[in-house]
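Report on one structure; see the data block that follows.
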Amino acid sequence: MDIQKSIFFFVITSLTTLSIYSQNNDVSYLEFMFGRSIHGSGDIPGYHYGFNFGQELSNKLYWQLGFEGTLNDTPDYFLTYEDSQGNEYDGSLHTVTAGYQLVLGFRYNFIELNRHQFGTSVLSMFRYQATSLSDFYITLYPAATNLPIPVRDITRLESGRTFAFGGSLRLHYSYEIANSYYVGVLGAFQTDTNGDTVPHYSLKIGRNF
């Protein structure tokens, strides 16, 4: 609980400082993104999604706060078997890794034209994650157990739920379509203290204020 209180205090303090510093700036944005990701632990395909809010600090430089999520899943450890009547059963496992993350950092636009923006974001991250990944598994067949069906012994050496700090580096491009609304794309790579890496790319839609 102490680490959660520290994170909460850090976010509130940072937001207060940034809001005071940028209170005379009118340019801000709110955007939603959705796209594909690959979770490095197991190379599991999936999705990345989230909301981000940002406000201008100075020319082309913005602070940014976001709440995002990832969901990665794949069939794994395939196993099918038949009973004595010839009925077939699927005993395969399904690996799922999902997480939520709070991101806070800065965006800098190298290019800011009438309708085009291109830049990069450098973000710190606090992430909660849950996974069904195991460290070891053994399949024992009837010949070894004298049971009528296969048996699996699954072992996890570390917790299936983790909290971690991390960072994310992103490139983005946006095109204003009308009335301050814009669409765009981004590519990103993130890593954290839990040893997880999650490259992802997304489409995004947002609005400047």
Within the stretch 159-191, how many residues are farther than 22 Å from residue 108 by Cβ and either open to solvent by less than 20 Å² (accessible area, probe 1.4 Å) or in a loop (DSSP other than H, G, I, E, B) (or both)? 4
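Per-residue answers, yes or no, for (1) acidic (Asp, Glu); (2) under 30 Å from residue 155 (Cα atoms); (3) not in a strand (DSSP E or B):
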{"position": "124", "(1), (2), (3)": "no, no, no"}
{"position": "127", "(1), (2), (3)": "no, yes, no"}
{"position": "133", "(1), (2), (3)": "no, yes, yes"}
{"position": "139", "(1), (2), (3)": "no, yes, no"}
State all residues of the stretch 78-119 that are aliphatic (A, V, I, L, M), part of a strand (DSSP E or B) and modelled with pLDDT of 85 or more; if no residue qualifies, say none. 96, 98, 102, 103, 104, 111
Between a residue in the stretch 190-207 that is modelled with pLDDT under 95 and any residue that is assigned to a strand (DSSP E or B), which pairs come within a Cβ distance under 6 Å, given they are 6 or more apart or on different chains? 194/162; 194/164
Which one of these does residue 174 not meet: (1) closer than 17 Å to residue 32 by Cα; (2) in contact with an Asp or Glu (Cβ under 7 Å, 6 or more places away or on another chain)? (2)
Are any residues in the stretch 49-58 at negative phi and surrounded by 13 or more Cβ atoms within 10 Å (Cβ to Cβ), and if so, which ones? 49, 51, 52, 53, 54, 55, 56, 57
Checked pairs for the stretch 79-93, first closer than 13 Å to residue 151 by Cα, second open to solvent by 90 Å² or more (accessible area, probe 1.4 Å), C-beta under 7 Å and 6 or more apart or across chains, list as 80/88; 80/89; 80/90; 81/89; 92/78
Go through the stretch 168-209 and give me each residue that's over 17 Å from residue 66 (Cα atoms), under 16 Å from the mean Cα position of the chain (by Cα) and of a type in the set (Asp, Glu). 196
Of all residues in the stretch 121-146, which are open to solvent by less than 70 Å² (accessible area, probe 1.4 Å), hydroxyl-bearing (Ser, Thr, Tyr) and free of Cβ contacts under 8 Å to residues at least 24 places away in the same chain? 134, 145
Subset of the stretch 59-109, residues open to solvent by 50 Å² or more (accessible area, probe 1.4 Å), more than 20 Å from residue 141 (Cβ to Cβ) and either under 16 Å from the mean Cα position of the chain (by Cα) or of a type in the set (S, T, N, Q) (or both), comes to 59, 67, 71, 73, 96, 100, 102
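The values are calculated or read from the model by the stated rules, or taken from the named source; none is laboratory data. Since we're looking at a predicted model, the values are computed, not measured. Cβ atoms come from the backbone with ideal geometry, glycine included; neighbour counts cover every protein chain shown. When the accessible area is computed, the model is the full protein with side chains, heavy atoms only, and any ligands, DNA or RNA have been set aside. Shrake-Rupley method; radii C 1.70, N 1.55, O 1.52, S 1.80 Å.
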